[in-house]
1. How much FRET efficiency would the formula 1/(1 + (r/R0)^6) give for His119 and Glu145, where r is the Cβ-Cβ distance and R0 is 30 Å, rounded to 0.05?
2. Quick one: grab Rg to one decimal and Dmax as a whole number for the stretch 37-156, Cα atoms only, in Å.
3. Would you list which aspartates and glutamates come within 20 Å of Lys108, measuring only between C-alpha atoms, while excluding same-chain residues fewer than 8 positions from it?
4. Accessible area per residue of the chain at 1.4 Å probe, in Å²?
5. Using a 1.4 angstrom probe on heavy atoms only, work out the carbon and sulfur share of the accessible area of the stretch 8-227 in %.
6. Normalised by the number of residues in the stretch 22-154, what is the relative contact order in percent for Cα pairs under 8 Å and 6+ residues apart?
7. Can you tell me the dipole magnitude for the stretch 37-184 around its Cα centre, using point charges on the Cβ only (Lys, Arg +1; Asp, Glu -1), in Debye to the nearest 20?
8. Do any trypsin sites (Lys or Arg not before Pro) in the stretch 139-218 lie in a loop, going by DSSP, with at most 11 other beta-carbon atoms within 10 Å of their beta carbon, and if so which?
Amino acid sequence: MLTVPQNPASRLAAVRGRIDAAARAAGRDPASVTLIGVSKTQPAEAIRAAAAAGLADVGENYVQEALGKMEALEGVPLTWHFIGPLQSNKTRPVAERFHWVHSVDRLKVARRLSEQRPHHAPPLMVCLQVHLGGEDTKSGVAPAELPALAAGVAALPRLVLRGLMCVPPAEDDPSRQRHWFAELRQLLDRLRADGHRLDVLSMGMSADFELAIAEGATHVRVGTAIFGARG
Ligand SMILES: *Cc1c(COP(=O)(O)O)cnc(C)c1O
């Protein structure tokens, strides 16, 4: 039986401890893995408590919901990551308010993000979401289309293409789960061989972040293990 610590600070410390252990077990520096706390459906106060306990990066899936929390948390030093599906008519507030977008899967969306990124802000950091395997999501670019999308996004002036993201199908068998993460890593390696300077693998959630770290994840997106079940 796992004992589940009840408050956000101890949950956060427990997750960070598991990340650090997984990184060391893989011969990696724990500091090379960024923890993104995924706070969709959670109130701003839960994020405030996690930030007070040391969380620096927050992931949100829904634009309107995120904007309300950003307003409530004005002044709290946080890096905001957009990780949800992004329609091209909703890009403006994302381009204006977020620091990262992990879910770019179409050139049209990327172009709008670049055009709408304010000139006083640093460039927007982006990852391309890749569709691996499962039928349970329509999001993500097919691996075969990835080189063309990467070339198009890399040419946009107000974006910095940093790497790849995936939400693979949930597998019962850990070795099958790990296989998806290995596939994303190989896709990143191929883009690097083509000359792209990429350093980010955004993969791994509450159920599988240790497997993702073993395959090279640099950003893990963890919701329920930090904030508890979503209502
Ligand atoms: C909800 C979500 C997560 C976090 O999932 P948990 O299982 O709660 O850790 C990570 N990534 C994406 C894209 C999500 O939508």
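The values are calculated or read from the model by the stated rules, or taken from the named source; none is laboratory data. Keep in mind that what you see is a predicted model, and the values were worked out from it rather than measured. Reconstructed Cβ throughout: ideal geometry from the backbone, glycine too, with neighbour counts over all protein chains shown. Please note that ligands, DNA and RNA were not included when accessible areas were found on the heavy atoms of the full protein model with its side chains. Shrake-Rupley method; radii C 1.70, N 1.55, O 1.52, S 1.80 Å.
1. It comes to 0.50.
2. Over the stretch 37-156's Cα set, Rg and Dmax evaluate to 14.9, 43 Å.
3. Qualifying aspartates and glutamates at Cα under 20 Å: Glu96, Glu145.
4. Roughly 47 Å² per residue, with all protein chains present.
5. Looking at the stretch 8-227 in its full context, I get 52 percent from C and S.
6. On the way: 183 pairs, mean separation 21.5, N = 133.
It comes to 16 percent, rounded to a whole number.
7. Taking the Cα centre of the stretch 37-184 as origin, the dipole is about 600 debye.
8. Hits after loop and neighbour filter: Arg197.
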